Amino acid sequence: MNDLINKKCVPCEGGATPFDISEIHKYQKKVDGWEIIKNDKNIYFLEKKFKFKNFLASQDFVNKVGEISEQEGHHPDIMFGWGYAKINITTHAIEGLSENDFILAAKIDKVTNV
């Protein structure tokens, strides 16, 4: 995971090829607890659920994720409420996963380990 934390997300305007399933599984080993999900449009994304002691802890986490996302220029879908947060990450411009998604996942995980 350390190699991903030290990288920066690269802007993607589309045109790149999303990772195939073997590349996805290779990168999945570098992040902890992120599930690979395929939606109804056959687009792969990363998903992870986080648990917290109360609403304020969830909100604090989501705010930190927002800061990281802005710094990286890569924005996940975030759902949260009392004691939980769920993060979904994909590269919308290529309709699939890229290294950027795993970089962001690793940086989000670092927030939970601080």
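At-a-glance table
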read-out: Filter result for residue 44 (farther than 13 Å from residue 109 by Cα, touching a strand residue (DSSP E or B) at 6+ places or on another chain (Cβ under 8 Å), surrounded by 12 or more Cβ atoms within 10 Å (Cβ to Cβ) and of a type in the set (Ser, Thr, Tyr)); value: yes
read-out: Residue in segment 51-60 that is at pLDDT below 95 and farther than 15 Å from residue 111 by Cα present; value: no
read-out: Test: residue in segment 10-18 that is surrounded by 13 or more Cβ atoms within 10 Å (Cβ to Cβ) and of a type in the set (D, E, K, R); value: no
read-out: Residue 19, sole failed condition from (1) farther than 16 Å from residue 5 by Cβ; (2) in contact (Cβ under 8 Å) with a residue 60 or more places away in the chain; (3) under 14 Å from the mean Cα position of the chain (by Cα); (4) not in a helix (DSSP H, G or I); value: (3)
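The values are calculated or read from the model by the stated rules, or taken from the named source; none is laboratory data. These numbers come from a predicted model, not from an experiment. All Cβ positions, even for glycine, are placed from backbone atoms using ideal geometry, and neighbour counts span all protein chains on display.
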